[in-house]
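One structure is given here, and the rest of the page talks about it.
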Amino acid sequence: MTATSTPTAYSDTFDYDIYGRLSLKGGSNYSYDPQHPHAVHSALGWVYTYNQSGDVVSKTDGTDTYTFTYSSELKVETVSLNGQELHHLLMMRTEPGFPSGVPLQHPSQATDP
């Protein structure tokens, strides 16, 4: 028996606001922080807040809240999930709302090295 598959076409919908910022992708709306016009305020069910420097300080979906603190050199110092500091940072996250290159793993998935 031979199995075959037919590739399916992929399509997505994109839209941009008058400033050239992504405002719609695949049915999800994007809005931007008025104090930081190039920073996403909400997207894909998440709401983001920023400090004066424009760094993400929290990301929440109404159930889970990630918080970030920064060193004086503006490097991420701590990442917390629902008030619990994450000590075992194993997975890399690069989607919107996570500081670039911040490793992150849910505490229930963490293991001691």
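The values are calculated or read from the model by the stated rules, or taken from the named source; none is laboratory data. Quick caveat: nothing in here was measured; it's all calculated off a predicted structure. Please note: Cβ atoms are built from the backbone with ideal geometry, for glycine as well, and neighbour counts cover all protein chains shown.
Kindly indicate the residue of segment 7-27 that is modelled with pLDDT under 90 and among the polar types (S, T, N, Q) and also nearest to G45 (Cα to Cα) among those meeting that condition.
T13
Could you list, in sequence order, the residues of segment 48-64 that are surrounded by 15 or more Cβ atoms within 10 Å (Cβ to Cβ), of a type in the set (V, I, T) and farther than 17 Å from P34 by Cβ?
T60, the sole residue that qualifies.
Out of V47, V57, V76, I need the residue that is in contact (Cβ under 8 Å) with a residue 24 or more places away in the chain and either β-branched (V, I, T) or in contact with a helix residue (DSSP H, G or I) (Cβ under 7 Å, 6 or more places away or on another chain) (or both). Which one?
The conditions single out V76.
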